[in-house]
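**Q** Got a structure for you, written out below as structure tokens; questions coming shortly.
The values are calculated or read from the model by the stated rules, or taken from the named source; none is laboratory data. What you see is a predicted model; the values in this text were computed from it and never measured. Methodologically, a virtual Cβ is constructed for each residue, glycine included, from the backbone with ideal geometry; neighbour enumeration extends over all protein chains shown. Accessible surface is based on the protein model in full, side chains and every heavy atom, while ligands, DNA and RNA are left aside. Shrake-Rupley method; radii C 1.70, N 1.55, O 1.52, S 1.80 Å.
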Amino acid sequence: MERNEQQAMRVVPAPGAHAAAAARRPVDYVWGVARMAIGWIFLWAFVDKLLGLGFATPEKKAWINGGSPTTGFLKGTAENTFGGFFSGLAGQGWADWLFMIGLAGIGTALIVGAGVRVAAITGGLLLVLMWAAELPLANNPFMDEHLIYAVVLAGLALANAGDTLGIGRWWGGTALVRRYPILK
């Protein structure tokens, strides 16, 4: 081989090796901390609604005590633009299960750093639906924290935020994720 070809071969890492060899920059740590912080928001909502710890959900309205995690928020949307649709979902068993599985899954994926792309997509969808349920907004014509969090989730996925302060690099190197990269 010619010298240039040998150098080119050394520069191109084996599949999965490039992530491990990449140097972390300060911004990578910012994205990693942001990922864990938003993950905690989702996971905390799950735990509080499940157990009724008295923060957003009183104990008597906890899911384990027969309460519905979707009723409080969705029933309060009846007068809003899409209120008929969203308030009709309130308290439905399938909606409660889907919502709680979503909160737990999104929160866990973000905290550990595996499945960040799927968490970003599903979390973004959940947040946009919650934003739509509140239309018209009380304090701004269109922007609120739901949309901001959705944008940050997209940034987390695009920045491979699970690779820093998480197991994303390892997870990305598994045969499953190499075959189905959306699972990264």
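**Q** Leaving out ligands and nucleic acids, and using a 1.4 Å probe, what accessible area per residue does the chain come to in Å²?
**A** Per residue, the chain has an accessible area of 59 Å².
**Q** Taking a virtual spin label 7 Å from the Cα of E79 along the C-beta vector, which residues in segment 107-142 bring their backbone nitrogen under 17 Å of it?
**A** So the set is 133-140.
**Q** Stretched out fully, how many nm does the piece from L53 to N65 gain, at 0.36 nm a residue minus the Cα gap?
**A** Working it through step by step, the gained length comes to 3.1 nm.
**Q** Find out how many positive minus negative residues lie around F73, taking Lys and Arg as positive, Asp and Glu as negative, among other residues whose Cβ is under 15 Å from that of F73.
**A** Working: positive: K49, K61, K75; negative: D48, E79, D96, E134, D144, E145.
So the environment of F73 carries a net charge of -3.
**Q** Separate question: Taking all protein chains in place and a 1.4 Å probe, what share, in percent, of the accessible surface of the chain do carbon and sulfur account for?
**A** The value for the chain is 68 percent carbon and sulfur by accessible area.
**Q** Where does the chain land on Rg/Rh, using Cα atoms and the Kirkwood Rh?
**A** For the chain, the value is 1.11.
**Q** List nothing, just return the count: lysine pairs in the chain, 8 or more apart or interchain, with Cα separation under 20 Å.
**A** Values: K49/K60; K49/K61; K49/K75; K60/K75; K61/K75.
The result is 5.
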